[in-house]
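**Student:** Can you keep this structure in mind? I'll have questions shortly.
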Amino acid sequence: MILVIAAGGALGAVARHMVNNQVTAWFGDAFPWGILTVNVAGSFAMGVFVEVLGLAWTPSQEVRAFIVVGFLGAFTTFSTFSLQVALLYERGQMGLAALYIAASVLLAVGGLFAGLALVKSIVL
């Protein structure tokens, strides 16, 4: 199972890199259009895959892991975040969905700035 996930992850990471570079070449780097495209495309792909799994296809655990954990996980973790928000929403847990969105964005961006500050305080 680990090798299946690793193979999907390798392909997803390469796909993310290629899409990001191509979109950045088209639109420039003044705004992160490439990563925005990756996040939206990955979330769309996650939605399509999960709905197909629910309605029409029952692949093996290995295929699921290759696509969801490996490929989409490496292509963009935003797709998993989006799926978790949708699951909370579908369960009627709007407050938890909003909390999860706010906490994820604020804490992740805050974590990045904390990491930057930590390294600056050590190096400078």
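**Student:** Going by the structure shown, is Ala6 open to solvent by 40 Å² or more (accessible area, probe 1.4 Å) and touching a residue at least 40 places away in the same chain (Cβ under 8 Å)?
**Tutor:** Working: open to solvent by 40 Å² or more (accessible area, probe 1.4 Å): yes; touching a residue at least 40 places away in the same chain (Cβ under 8 Å): yes.
Considered against the rule, which asks whether it is open to solvent by 40 Å² or more (accessible area, probe 1.4 Å) and touching a residue at least 40 places away in the same chain (Cβ under 8 Å), Ala6 comes out as yes.
**Student:** While we're looking at this one, here's another question. Looking only at residues in the stretch 41-84 that are open to solvent by less than 30 Å² (accessible area, probe 1.4 Å) and more than 12 Å from the chain's Cα centre (by Cα), which one is modelled with the lowest pLDDT?
**Tutor:** Phe49
**Student:** Can you tell me which residue in the stretch 85-96 is most open to solvent (accessible area, probe 1.4 Å), limited to those that are of a type outside the set (D, E, K, R), over 23 Å from Thr37 (Cα atoms) and in a helix (DSSP H, G or I)? Walk me through how you get there before you give the answer.
**Tutor:** Keep residues of the stretch 85-96 that are of a type outside the set (D, E, K, R), which gives 85-89, 92-96.
If we keep only those that are over 23 Å from Thr37 (Cα atoms) too, we end up with 88-89, 92-96.
From the residues that got through so far, the ones that are in a helix (DSSP H, G or I) too are 88-89, 94-96.
On the way: Leu88: 30, Tyr89: 139, Met94: 96, Gly95: 56, Leu96: 90 Å².
In this case the residue turns out to be Tyr89.
**Student:** Let me ask something else about it. What number of residues in the stretch 12-40 are in a helix (DSSP H, G or I) and open to solvent by 60 Å² or more (accessible area, probe 1.4 Å)?
**Tutor:** Residues of the stretch 12-40 in a helix (DSSP H, G or I): 12-27, 33-40.
In the following step, the residues that additionally are open to solvent by 60 Å² or more (accessible area, probe 1.4 Å) were identified as 14, 16-18, 21-22, 25-27, 33, 35-36, 40.
Total satisfying the criteria: 13.
**Student:** For the stretch 46-79, which residues satisfy the criterion of being touching a residue at least 60 places away in the same chain (Cβ under 8 Å) and touching a helix residue (DSSP H, G or I) at 6+ places or on another chain (Cβ under 8 Å)?
**Tutor:** Of the stretch 46-79, the ones touching a residue at least 60 places away in the same chain (Cβ under 8 Å) are 61-62, 65-66, 69-76.
Residues satisfying the conditions are Glu62, Ala65, Phe66, Val69, Gly70, Phe71, Leu72, Gly73, Ala74, Phe75, Thr76.
**Student:** Continuing with this model, one more query. Output yes when any residue across the stretch 102-122 is out of contact with any helix residue (DSSP H, G or I) (no Cβ under 9 Å at 6 or more places or on another chain) and of a type in the set (D, E, K, R), and no when none is.
**Tutor:** yes
**Student:** Keeping to the stretch 105-123, report how many residues are of a type in the set (A, V, I, L, M, F, W, C) and farther than 24 Å from Ser79 by Cα.
**Tutor:** Within the stretch 105-123, the first condition is being of a type in the set (A, V, I, L, M, F, W, C), and the residues that meet it are 105-109, 112-114, 116-119, 122-123.
Next cut, farther than 24 Å from Ser79 by Cα only: 114, 116-119, 122-123.
Going through the stretch 105-123 one residue at a time, the tally reaches 7.
The values are calculated or read from the model by the stated rules, or taken from the named source; none is laboratory data. Everything numeric in this text was worked out from a predicted model, so none of it was measured. Reconstructed Cβ throughout: ideal geometry from the backbone, glycine too, with neighbour counts over all protein chains shown. Side chains included, ligands, DNA and RNA excluded: accessible areas come from the protein's heavy atoms. Shrake-Rupley method; radii C 1.70, N 1.55, O 1.52, S 1.80 Å.
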